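Working notes, beginning with the structure itself.
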Amino acid sequence: MTAQRQLKVGILGATGTVGQRFIKLLAVHPYMRTHVLGASARSAGQKYIDVVKWKQVTRVPEDVAQMIIEACVVNERWKECDVIFSGLAEGDAGEIEASFRGAELPVFTNAKNHRREPSTPLIVPLVNPSHLSVIPHQQSLLGLKKGFIVTNANCSTTGIVIPLKALEDAFGPLDSIIVTTMQAISGAGYPGVASFDIFDNVVPYIGSEEEKMEWETSKILGGVTSDLKGFDLHAENPLRISASCNRVPVLEGHTECVSVSFKRRPPPSPEQVKEALRKYTCEVQTLGCPSAPKQAIVVHEEVDRPQPRLDRDDQDGAGVNVGRVRKCGVFDIKFVVLSNNVAIGAATSSLINAEIAYAKGMI
């Protein structure tokens, strides 16, 4: 991928946590640049720097700081964009994103609103970019030529499906999965969980999170139907999945304890599993997507790794870290996954999804 033209990017929900991450990533991107910032009607018409509560460790890029915020309504300025990234909250995202798609703009969203649509890809870029092949059907249903919507997965789902995909590629279908999450407070957005509720505490409930993990995994790990008009939802080998989700007092980085059983008997050993995880490669790496990690899965041998504070920023949070791979006394294998929920679990996924689409000539 050399000599790319510069792509103009619009960001919906630009003042929020995910929107800020998009801005931070685009500031150093080789061929995408921020062109339009969108936020609520009360922020429209004001300079970005005067409105945003910036929560990133880097400064607001100077050119972005002086940009005038637009309302999230399609106009000529938005139509100049090649790509739209959405960091909108779910309450606003559905209709707004659909209106931008209807204006023939490619939309890559972090919100959940369109994930269940039969013709909308739900993509974790290190797992299932082949699902982009359903986009022409999505466009034909709506009478569109260039507009489409691609969704990210839930941040906790993203963390587990990457190693699960590696295991299915190496050893065949999984049968059952149990996952317990310890999710960072940044997953709730800003201002998120009240400090009085999370300090010295673990909250054993995150609304709709468990249900999202349990159905999203099958759509992501499944294939595309033979007519390229939908997704098979792993129907040939149905997955049994049980998730328990907890909010913990960590700023960034979701830790997940996973136990799996395989249909194949005998199952692989822990050493075979670690080797398969280390060797796992994905299409984004062969496409040369600039935001993709060099290693999709980093495997730790230390008995106390991965840890959020030590490992969440490895490869700029674009891959996942796996450790404590061992036999399970109930299932076959258990391990710990750490993923950066605001990177590969959010903005970085959308960015890589757009890079894939660009590399495939869909943008």
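Quick notes
- Filter result for residue 333 (of a type in the set (Val, Ile, Thr), surrounded by fewer than 24 Cβ atoms within 10 Å (Cβ to Cβ) and farther than 22 Å from residue 185 by Cβ): yes
- Total residues in region 252-274, condition open to solvent by 20 Å² or more (accessible area, probe 1.4 Å) and more than 25 Å from the chain's Cα centre (by Cα): 9
- For region 2-61, the candidate set comprises residues that are part of a strand (DSSP E or B), aliphatic (A, V, I, L, M) and without any contact (Cβ under 8 Å) to a residue 60 or more places away in the chain; within that set, the residue that is surrounded by the most Cβ atoms within 10 Å (Cβ to Cβ) is 37.
- Meets criteria (open to solvent by less than 40 Å² (accessible area, probe 1.4 Å), touching a Lys or Arg at 6+ places or on another chain (Cβ under 6 Å) and under 20 Å from residue 257 (Cβ atoms)) for residue 323: yes
- Tabulated pairs, region 186-200, first touching a residue at least 12 places away in the same chain (Cβ under 8 Å) and closer than 21 Å to residue 15 by Cβ, second of a type in the set (Ser, Thr, Tyr) and part of a helix (DSSP H, G or I), C-beta under 8 angstrom, 6+ apart or interchain: 186/17; 187/156; 189/17; 190/17
- Of all residues in region 278-299 being of a type in the set (Ser, Thr, Tyr) and open to solvent by 40 Å² or more (accessible area, probe 1.4 Å), the one that is modelled with the highest pLDDT: 281
- Residues being touching a helix residue (DSSP H, G or I) at 6+ places or on another chain (Cβ under 9 Å), of a type in the set (D, E, K, R) and surrounded by 15 or more Cβ atoms within 10 Å (Cβ to Cβ) - total across region 169-209: 1
The values are calculated or read from the model by the stated rules, or taken from the named source; none is laboratory data. Predicted, not measured: the structure shown is a model, and the values here were computed from it. As a convention, Cβ positions derive from the backbone with ideal geometry for all residues, glycine included, and neighbour counts pool all protein chains shown. Each accessible area value is taken on the protein alone, full model and side chains, heavy atoms only, with ligands, DNA and RNA left out. Shrake-Rupley method; radii C 1.70, N 1.55, O 1.52, S 1.80 Å.
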